[in-house]
Each structure stands twice: as structure tokens, then as C-alpha cells.
Amino acid sequence: MSDARRPEFPDLRGPVTLALLGVLLPALMFAGLFAGAIPLEIETVVNSLLGRDGPRQDFIVLQSRLPRALLAALAGGALALSGALIQALMRNPLASPKIVGINSGAAFAVLVTAFYIPALPHSLLPVPAALGGLMAGALVWWCAQRGDIDPRQLTLVGLAVGLTLDAGVDALLVANTGPESSAPLIWLTGSLWGRGWTHLASVAPVLLTLATAALILAFRLDLQALGPRRAAGLGVRVGLERTLALLAAVILASVAVSVVGVLGFVGLMAPHVATRLVGGRHRIMLPTAALFGAVLTVGADTLGRAIRPPLEISAGILTALMGAAFFIWLLIAEDRRI
Amino acid sequence: MIDLENAVAGYKSFRLAPTTLTFAEGRFSALIGPNGCGKSTLLRMISRQLAPLSGAVRIGGRAAAGLSQKDLARRIALLPQENIAPAGISVADLAGYGRAPHQSLLGIASDTDRAHVARALHRMDLAHLAQAPVASLSGGQRQRAFLAMLLAQDTPAMLFDEPTNWLDIQHQVQVLTLIRSLAAEGRTCVAVLHDIAQAARYADHLVVMKDGAIVAQGAPAEVVTAELVAEVYEIAVEIHPDPVSGTPVPYPCRPRSGALAAAG
């Protein structure tokens, strides 16, 4: 209450934060080129980027670490955007693609495809992932659909559907134990291990298109976040716009999951932090959340390779740890506010 | 002007009686009646949040059912009871959302939009809090911030569901006076009010509801009688004129000593 008169500079908070994140992200991605099983000198990395070095370093920098960094940024940004959309639509700061069951749906579908249709090329995995995510989303929607959709109800149903699908994932893993089953396991923990240009090419068009659409129509999310009745009162065709935004959220998250696995907490954390940094107007909050999600994911992937090379710690494990710390901090911070 | 013609508002489990009613422009009409009599349901039907089960609702002479959502939002605005704001938006942001029906999908504010928002904030006594986060406001300030959003929407018809909730007496009077001046600008204003004396004092026209039906309407001096209050609220009152405005005020009768004991 006491800070109602606190002078604020809303015009600067956004641009400054965006600029800082905009510098941090490429810096982290550049740092990521050095980390990994084979340590590289600055000179080698720069030469590779400029296309002037031997084939071995070229391969590591250009074929492995660079696409990996780009993919981490893209997937992290997509998960963050998905989380921001879902939180605005459900008016629930604890909602996220993971919590409403989308990640699990995508993971389940990817595993089914990988185990039972092994002939399908990996670059097509985003398709079953999106279908799985959509199916989980539709199931949640259908279960919660009794007249007006109550956001709390939707979150609870989402949890139930997600847990069921997680059980399905476990069952699939148990049923398919064999020499090949460690790769899906690594992927499930949220790892960018073994990802390259083909993966990037298979997901970038969809993710970039949806992200652009979300950023352009960010203002409509502001209205949605007021709740369905108020939004309708302001001329929003709530049913249509909510469905479109939810579709975008589902596809963003499940396509990201198809390449980086279940990267927990990014979709939950990034929009939270972005709202705290730049406020709740989606026109500024969405790009901030996307950049922050990218920074988190690139950071986690880089850190995971740098801690104990040649061992790799999955980015998902690190984001989960950060998520746990974040929640405790949030609890303390909220406590202090009151 | 808002016309209802045999309009039936309601849900599967609860429906109001067919209502034929006109809320004239330039007039402040108050809906009164006991809790659960259907005031809010009627308001929700008028604002098209609830489709009429039968009959018609016309806003400014045009059937509400035929308007696009955006057209509707340019003609009628509703201040609902609950006022929960999303996290991290300022008072000016919130008031600015009221301009959405006048903007494209991108929501880019024009000079006209900014002028409307500034005037709405000024009118609601919130100009000094324009950049404050809505979440940091007191209940009354928040209610006024949502009222500023409604003012910015600048519609010819405005509905208010218990607009004086959460407000202290100063701001209650401010809001009721505001609705009077909005009506004086030629708008159609309809408010659900709980306080009969306030409704009689500030509104031009009272509509009294009980059990989902309209039981009386007209000028406050004609409508507010001891008989009507007894019938609608099931309480014995005496009516005395307000010493300031001369409008009728119901005063509950002194209970006979046996009545309380019997009730208790």
C-alpha cells in the first residue's frame, strides 16, 4: 500500500531490461561455444565462426555448439512465451505448460512415435509432439468445460491429465528398456545433447511464426487477463481469441519439448520474473519473458556442459534446481510484501 | 436508450419473469430489491453477457443480439461487482484498456484515446496515481480505477453493478454524483444499488424487483412507500423525507419487544 505513490519510470523499465537481456543472451551463447567435452581457445572459436580453421574445430563449433545454442535460445523463448500465454488466459500465475499437462502430452506422443514408429525421421518429431500437446490440451479443455470455464478447475484437471500422461511415459520407458532407451531418457530430462541444424530447421519456422504472432497481438492478452466478462465488455470475442491463444501456447510448448525434452520451470519462471521486472503489459512483458526464457535455457545448457566435462548435466536438471530456488525466493518475497 | 421486450433473463435453474422495460437516455435509473432478486442477472442480460432466453433487448434502438462484440462494446459498458486486476499493470494502463473497443487489434493509443484516459483519471480523482500499480491500491481506489476504465470506454449506455461497494461515504457520494452527471450528458445510466435512501436521492427513476420480477417503477417519491418496502423487503418501515433533499428515506420501525424474542 505504501508504495502507491512511489515514482515509477514505466517507459524505461522495459527498454532497459530488454537491452540488458539482449546483450546477455548473445554473450551467453558465445560463452556456450567454449564449454563442453573439448575445451576450445577463443582464437579457435572466432576463427571457426569466421570460417577459417581446421575441420575438427569447425565441426565442434559450427555443427555442434552453435546450433545447440540457437536451439536452446529458441526453445527456451518458446516455453516462456507459452507460459506467459497460459498464465494470462487462465489468470493464474502458477499455471504453466508443464502444469496444465501440455509438456507431458507432447513427451508421451514423442515417445510413442520413437518406440513404435522408429522409421519416422527425427526432424518430423515436432508433429507428433504438437499433436500430443494438443490432445492433452483438448482433454483438459473438455474435462473442464461445463458452461463457464473456471481457471482453477482447468489447472486442477490439467494436473490430473499431466500426471496420467507422466505415468504413461514411465510405462513406455519400462516396456521398452533396451540398449536404445537411454537416449529418450536423456531427452526426457530436458537435454540438448546431440541436437543440431536439422532439429533447428525443423522447429524454427513454426516457433518463430507463432512467437511473432504472439508479440504482435500482445495487447489482446492484456484484455484477456482482465477475465472473460470484462474482456467481452471491451469488445473481445473471448471464445475465439482464447482458443487461438491457447492453440498457440500448446504448439509453442510441445514443439519446443519435441527437441529439448521436458525442460521444467522455464515456462513458469520466465513470465513471473518478466512481470516483476517490466510490469504486466504483454507488449513489453512477452518479449522480456521470451528473452529471459532463452537466457535461462542457454545458461543451463552451457553450465551443464561446463561443470564436469566431458560429462554433461541435462539443462532440465539445472532449470529444475533453479526453479526450486526460485519458488523459495518467491515465497519469501511475497511474504515480505505483506 | 435501452429497451427490453418480454425479455427473459436467466439460467437453467433460475429465470426471471418476462420483462418489458425502457431505460431512457439522459436518466439515472436505479435497480433495487433484496439480495438474490435478479438485479445482477437482469444487468448481465442487458449487457449481453447472458443471452435472453426469449424476447429482445435493444440498445439505442438496435437489437443487441445483432451487434458485433466490438460494436456492442462501443455502445454499452458494464461495471461488474468484482474488480480483480492482473498483476503488474498501472492505473493508467487499466483505464487505457477502456479504449480497446475504439482501437484496432493492435491496441495502439491515439491522441484521442490518451485524452479520454487523462480525463477519466482526472474525473475519478486518480490523476496523481496514474503510474501506481493497481495491485497497490486500496479497495476504494481500485473501484475508482475500474470506473475510470468505464469512463474511458465512453459509451452512450453505462451499467453499474453495486458501484458504491467498497467505497467510503465521500467516494460513494462522488460516484453517485458522477452517475448523475453522466446521465446529464445524455447517457443511459442504470445502477444496481442497495441503499434505498441513496437510490431515491440520486436516481431519477427507480425499478424495484422481487423474486425475479419487476414489482414497481417510477419516480422515487412515488415508488418508495412503507407498503412497498414491507412487500418487497418484508420489513416494517416508516418513510420520512430526507432533511437535505426531501426524497423518501425508509426507517425501520422499532421492533415490538415480543417480535425480537420470537425471532430469536
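Since only B:158, B:221, B:174 are under comparison, the one whose Cα sits farthest along the positive direction of the charge dipole of segment B:140-264, derived from C-beta charges on Lys, Arg, Asp and Glu, is B:174. Summarising the amide proton neighbourhood of residue B:27: residues at separation of 5 or more, or on other chains, whose placed amide H is nearer than 5 Å comprise B:189.
Scaling the Cα radius of gyration of segment A:290-333 by the globular reference 2.2 N^0.38 Å produces a ratio of 1.27.
Taking every alpha-carbon pair under 8 Å whose residues sit at least 6 apart, chain B reaches a relative contact order of 24 percent.
Rounded to the nearest 20 debye, the dipole size of chain B about its Cα centre is 560 debye, using +1 on the Cβ of Lys and Arg and -1 on the Cβ of Asp and Glu.
For the peptide B:128-139, the mean number of other protein chain Cβ atoms found within 10 angstrom of a residue's Cβ is 4. Placing unit charges on the Cβ atoms only, positive for Lys and Arg and negative for Asp and Glu, gives the protein assembly as shown a dipole magnitude near 420 debye about its Cα centre. Take the Cβ atoms of residue A:92 and residue B:70, set R0 to 35 Å, and the FRET efficiency comes out at 0.80.
Sorting A:96, B:181, A:314, A:104 from the fewest to the most surrounding beta carbons within 10 angstrom yields B:181, A:314, A:104, A:96. All other residues with a Cβ under 12 Å from the Cβ of residue B:189 taken together, and with Lys, Arg as +1 and Asp, Glu as -1, what is their net charge? Net of charged neighbours comes to 0.
Less than 5 angstrom separates the built amide H of residue B:77 from those of B:157, B:158, B:159, all sequence-distant by 5 or more or on a different chain. Across chain A, the relative contact order, built from alpha-carbon pairs under 8 Å that are at least six residues apart, equals 31 percent.
When the protein assembly as shown is described by a simple charge dipole with +1 on each Lys and Arg Cβ and -1 on each Asp and Glu Cβ, the residue from A:78, B:133, B:90 located farthest towards its positive end is A:78. Among A:141, A:193, A:187, the order by Cβ neighbours within 10 angstrom, fewest to most, reads A:193, A:141, A:187. Taking packing as the residue-averaged number of other Cβ atoms within 10 angstrom, the listed peptides B:130-137, B:4-11 run from highest to lowest as B:130-137, B:4-11.
Among the residues of B:80-91, the average count of other protein chain beta-carbon atoms within 10 Å of the residue beta-carbon is 6.
In terms of the mean number of neighbouring beta-carbon atoms within 10 Å, the peptides A:39-49, B:199-209, A:211-221 order highest first as B:199-209, A:211-221, A:39-49. Each peptide in B:230-241, A:242-253, A:292-303 was scored by the mean count of other Cβ atoms within 10 Å over its residues; highest first, the order is A:292-303, A:242-253, B:230-241. Fully extending the segment from residue A:333 to residue A:115, taken as 0.36 nm per residue of separation minus the present Cα-Cα distance, adds 74.0 nm. Shown here are the Rg and Dmax of the Cα trace of chain A, at 20.2, 65 Å. Spin-label model, residue A:49 to residue A:16: label points 7 Å out along the Cα-to-beta-carbon direction sit 2.8 nm apart. Here the Debye sum runs over all C-alpha atoms of the protein assembly as shown as equal scatterers in vacuum, and log10 of I(q)/I(0) at q = 0.10, 0.11 Å⁻¹ comes out as -0.91, -1.03.
Taking a Cβ cut-off of under 9 Å around residue B:59, the surrounding Lys, Arg, Asp and Glu residues balance to a net charge of +3, with basic ones at +1 and acidic ones at -1.
Residues whose amide H falls under 5 Å from that of residue B:249, counting only those 5 or more places apart or on a different chain, are B:240, B:242, with hydrogens built in the peptide plane.
Between segment A:74-124 and segment A:261-338, the alpha-carbon centres lie 17 Å apart.
Legend: mean number of C-beta atoms from other chains within 10 angstrom of residue C-beta atoms, peptide B:106-115, equals 2. When the charge dipole of chain A is built from unit charges on Cβ atoms (+1 for Lys and Arg, -1 for Asp and Glu) and taken about the Cα centre, the candidate among A:127, A:36, A:291 whose Cα reaches farthest toward its positive end is A:291. Backbone geometry of segment B:10-25 corresponds, through the Karplus equation with coefficients 6.51, -1.76 and 1.60 at θ = phi - 60°, to 3J(HN,Hα) couplings of x, 10, 4, 8, 9, 9, 8, 5, x, 10, 10, 6, 10, 9, 7, 6 Hz, x marking Gly and Pro. Computed from backbone phi with θ = phi - 60° and the Karplus coefficients 6.51, -1.76 and 1.60, the 3J(HN,Hα) list for segment A:184-201 is x, 5, 4, 4, 4, 6, x, 10, 9, 4, x, 8, x, 4, 4, 5, 4, 5 Hz; x is used for glycine and proline.
A short reminder: the numbers here are calculations on the coordinates, not readings from a lab. Just so it is clear, the model here is predicted, and its values are computed rather than measured. Note that we place each Cβ from the backbone using ideal geometry, even for glycine, and neighbour counts take in every protein chain shown.
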